[in-house]
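Accompanying notes for the structure given below.
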Amino acid sequence: MTTLSDPYRGFEIAQVTKTLPIFATIPRDSHRINEDLFPLIEQYRNEHSESLTTNVVCNWRSDWYVQKDERFNWFNEWILGHVDFLAKYHLGQEINFSIANEWLMMYDVGDYAKLHDHFPYCLSVIYYVGCEENAAPVVFERQLEISPEAGKLIIFPSSLQHEVDKTEGRR
């Protein structure tokens with residue numbers, strides 16, 4: 001039987017309340033990005049057709065390491081440009097961010113994502129290449145819904161819990 005020794009006991013737990021930003025936009029060049037990105041995702045899916053099973057129940061989900069595929073370098077630089085902008089001008093920080101994990105997902109009707117977060121990472125990004133009008137929103141902390149739209153970019157603190165209810169449209 002494993003027991004914890006005294007150094008691991010006796011923590012006092014205090015809490016603070018802090019408002020955390022969730023940034024959402026449809027960048028001006030998203031139409032061009034989507035035109036180039038959609039066929040690339042289809043190609044990647046054809047090459048990696050086996051779906052990874054996680055907390056997301058969806059039609060297809062890639063592995064965790066899409067950022068290692070050089071074909072996505074241009075897209076990753078585009079994402080990092082937006083992250084760097086927000087860090088500098090909205091958070092007052094100049095940080096050299098990088099992408100630790102990147103994956104792709106395709107939801108069909110009835111697919112969903114269980115409540116989860118991306119701790120211990122700092123920031124997380126969602127980008128919608130395409131989605132149907134009745135696609136389910138992403139819900140943050142069971143409080144804030146952000147509806148998907150083609151070209152929408154969402155950047156948020158990774159510690160925020162989020163989920164997607166069963167969707168009625170593809171996304």
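The values are calculated or read from the model by the stated rules, or taken from the named source; none is laboratory data. Everything quoted here is computed from the prediction, not taken from an experiment. With ideal geometry, Cβ positions are generated from the backbone for all residues, glycine too; neighbour counts draw on all protein chains shown. These area figures cover heavy atoms from the full protein model, side chains too; ligands, DNA and RNA do not enter into them. Shrake-Rupley method; radii C 1.70, N 1.55, O 1.52, S 1.80 Å.
Extension gain, Ser159 to Leu52: 0.36 nm times the residue separation minus the Cα-Cα distance gives 36.3 nm. If the segment from Asn134 to Asn101 were pulled out straight at 0.36 nm per residue, it would be longer than the present Cα-Cα gap by 9.1 nm.
In a DSSP loop and with at most 15 other Cβ atoms within 10 Å, the trypsin sites (Lys or Arg not before Pro) in the range 72-142 are Arg142. For the range 20-62, the spherically averaged projection of the C-alpha convex hull amounts to 4.7 nm². Sequence-ordered 3J(HN,Hα) estimates for the range 83-96 from the Karplus curve with 6.51, -1.76 and 1.60 and θ = phi - 60° stand at 5, 4, 4, 5, 4, 6, 8, 10, 10, x, 10, 9, 10, 8 Hz, glycine and proline given as x.
Remark: the chain carries a charge dipole of roughly 320 debye about the Cα centre, counting +1 on each Lys and Arg Cβ and -1 on each Asp and Glu Cβ. Given a 1.4 angstrom probe, I'd like the percentage of the accessible area of the chain that is carbon and sulfur, rounded to a whole number. C and S fraction of accessible area: 50 percent.
Note on the range 66-171: Rg/Rh from C-alpha atoms, Kirkwood Rh, equals 0.97.
With the charge dipole of the range 97-171 set up from +1 on Lys and Arg Cβ and -1 on Asp and Glu Cβ about the Cα centre, the Cα lying farthest toward the positive end among the listed residues Leu115, Val139, Phe97 is that of Phe97.
Distance between the pseudo-spin-label points of Phe119 and His90 (7 Å out from Cα toward the beta carbon): 2.3 nm.
Calculated translational diffusion coefficient of the range 1-128 (25 °C, 0.890 mPa s; Stokes-Einstein with Kirkwood radius over alpha-carbon pairs) equals 137 µm²/s. Modelled spin labels at Trp74 and Ile13, positioned 7 Å past Cα toward Cβ, are 4.9 nm from each other.
Based on DSSP, what percent of beta bridges with both residues in the chain are antiparallel, to the nearest 5? Counting only bridges with both partners in the chain, antiparallel ones make up about 95 percent.
Per residue, the solvent-accessible area of the chain (1.4 Å probe, heavy atoms of protein chains only, all protein chains present) comes to 66 Å².
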